[in-house]
Structures are given as C-alpha cells and as structure tokens.
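The values are calculated or read from the model by the stated rules, or taken from the named source; none is laboratory data. In this text, all values refer to a predicted model and were calculated from it rather than measured experimentally. Neighbour counts are summed over all protein chains in view; Cβ atoms, including those assigned to glycine, are modelled from backbone coordinates with ideal geometry.
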Amino acid sequence: MKLINLCLLSQEWLSKMLNLSLKELSEGLKQKKFSSLELTKFFLNRLDLHNSSINAFITIDKDKSLAMAK
C-alpha cells in the first residue's frame, strides 16, 4: 500500500489525531475540524507504516475504506 497524500491536514492536526480519543475524533468530525476522508487517510497511512511489523490486519481494503469515507 502506498502512502496517501494528507496535504489537506495541517501538521498540528496530524500530530494531534494520533492521541485523540474516539470521542474527541467524533467531536472533531462534527465540528468539521477534519473530514471522514481525511481521518480515514490518516489511519490508512498509519497502517501502511506499521502493519508490516505488528501484523494487526490480514487484509486492508483501502479503496473500499476511502469510498465509504466519502
């Protein structure tokens, strides 16, 4: 899987998103601080960077995930 461009998000949000709780992520979506597509791209990138070492997922359907986030 290739990394997805996250240029729409500020560096501040990229660093914050990793440490936000599900409640905070939900509130961020409601307040339009970031979109569901941006959030999905963020976590798909994290999976791409780390899944090979932790093997948390057998299959990752990037296209379906992005389509559902739109």
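Among residues of the range 36-60 that are among the hydrophobic types (A, V, I, L, M, F, W, C), those with a beta-carbon under 7 Å from a residue that is surrounded by fewer than 10 Cβ atoms within 10 Å (Cβ to Cβ) at least six positions away or on a different chain give the pairs L37/K70; L47/F57. The helices (runs of 4 or more DSSP H) falling completely within the chain that include 3 or more residues that are surrounded by 12 or more Cβ atoms within 10 Å (Cβ to Cβ), modelled with pLDDT of 85 or more and touching a Ser or Thr at 6+ places or on another chain (Cβ under 9 Å) map to 36-54, 62-69.
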